[in-house]
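Everything on this sheet refers to the single structure shown next.
Coordinate-derived values only; no laboratory data. The structure displayed is predicted, hence computed values, not measured ones. Quick reminder, even Gly has a Cβ in these numbers, built from the backbone with ideal geometry, and neighbours come from all protein chains shown.
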Amino acid sequence: MQQNNFTLSILTWYNKQKRILPFRDIDDPYKIWLSEVMLQQTQIETVIPYFQKWISKYPTIRSVAAADQRLLLKLWEGLGYYSRCRNFHKATKIVVEKYGGAIPDKWLEFRALPGVGDYTAAAVLSIAYNQPYIAIDGNVKRVMARILGLKNLSNRNMTRIKNYLTKNIFTDNPGDFNQSMMELGARICSPRDPNCGKCPLSFYCKAFAIGEPESYPLSVRKKKPPHYEIVVGMVWRGEEFYIQKRGEHGMLAGLWEFPGGKVKIGESLEDALYREIQEECGAIPKILKKIGTIKHAYTHFTITFHGYHCEENGTSMRCQQNSKWIKPNQIDEFPFPKANHKLFSILEKQGWDV
Ligand code: SF4
């Protein structure tokens, strides 16, 4: 039967070709869940060292639930999408308090945890608990659009993809089936250069039969992301400088940073720095010298980030509720956004002193 052959073909290929990963072929639901959270929007190669470091510090779900969020964010530093870390922390607390530390194996209960969407629920429940849910990530969408010859991923076509996968999922081991489809998308059926000659599913693939499989699905042209000029001040008081914690919601929530912000159109960098620090800390600092300029790209926008050494100038900084004066050797105790780390690298080379 074609259905069985499709399933058999992909699983046979997967069993021979799958990469050995620290979060593969394990049966601990906590580690499987953590890896799925880390892998969202992030390459496997990037995740591996983060996963290993995290597990060595927090080997159990209870150890995460009991941890200080600042330390968790510090471990997550550089991985991006920090709400994943905060939500995972919240969810582990619920698992410990409400479910006695056992990760729920029922869809509605697991799906209701903070940060758990359809994809994560399906991936974790299929891999950890052998439940026949189909997990559709970006790779699987692309593979299936090609198999079914779909030019777009409309709701109707997504339903066709789900139905096809539901019909073909290997119910004895749905976790392997889901992972095999993702692995194929990551390693063989790449967006621009699918290696159809090595594909175990070429026999079933309409896009391959038609020709130009890379044109399935049609790529949606993305708008150029907006760009912002950001200016920040490293305000010194003696041997210490001022940092403040971002709020609990929104982008980079819970991370620490220097005071500063966006430069308005027509405003000089220095004027923007005076204005921002006065708004945030009630004092206009004295600008001493520029540290440097770095560029950084976030998912939805890019920034040019200008850093300055400053010092208090008569009026003391009105410290925010969550703020600290720290010495350079204390930066490892706080999680900072990646752009700040690029500035720290400049400071390491030129020296932290003014
Ligand atoms: S035959 Fe080519 S296009 Fe089709 S699924 Fe395989 S790699 Fe992708």
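Pairs of Lys residues in segment 101-233 are counted when their Cα atoms are under 20 angstrom apart and they lie 8 or more places apart or on different chains; the count is 12.
Of the peptides 95-101, 269-275, the order by per-residue mean of other Cβ atoms within 10 Å, starting with the highest, comes out as 269-275, 95-101. When a/c reaches 1.5 or more, the comparison of a/b and b/c decides; with that in mind, is segment 227-350 rounded, prolate or oblate per its Cα gyration tensor? Rounded, since a/c falls under 1.5. Close lysine pairs were tallied over segment 1-101: pairs 8 or more places apart or on different chains with Cα atoms under 21 Å apart number 16.
Convex hull volume of the Cα atoms of segment 164-286, normalised per residue: 229 Å³. Only Cα sites of segment 2-215 enter the Debye sum here, all with the same form factor; the resulting log10 I(q)/I(0) across q = 0.18 1/Å is -1.28, listed in q order. For the chain, the Cβ-based charge dipole about the Cα centre amounts to some 1080 debye (Lys, Arg positive; Asp, Glu negative; other atoms uncharged).
Placing unit charges on the Cβ atoms of the charged side chains and taking the dipole of segment 1-144 about its Cα centre, the candidate lying farthest along the positive direction among MET144, LEU8, ALA91 is ALA91. Ordering ILE134, ILE61, THR42 by the projection of their Cα atoms onto the charge dipole of segment 2-215, which places +1 on the Cβ of Lys and Arg and -1 on the Cβ of Asp and Glu, puts THR42 at the extreme positive end. Summed over qualifying helices (DSSP H, 4 residues or more, each -39500 (n - 2.57)) and divided by its residue number, the chain shows a 222 nm mean residue ellipticity of -13500 deg cm²/dmol.
Neighbour counts of C-beta atoms inside 10 Å place LYS222, LYS18 in the sequence LYS222, LYS18, starting with the fewest.
Which trypsin sites (Lys or Arg not before Pro) in segment 124-201 sit in a loop by DSSP (not H, G, I, E or B) and have at most 10 other Cβ atoms within 10 Å of their own Cβ?
For trypsin sites (Lys or Arg not before Pro) across segment 124-201 that sit outside H, G, I, E and B with at most 10 neighbouring Cβ atoms in 10 Å, the list reads ARG192.
Straight-line reach from LYS349: taking Cα to Cα under 18 Å and skipping same-chain neighbours fewer than 8 places apart, the lysines in range are LYS289, LYS290, LYS295, LYS327, LYS338.
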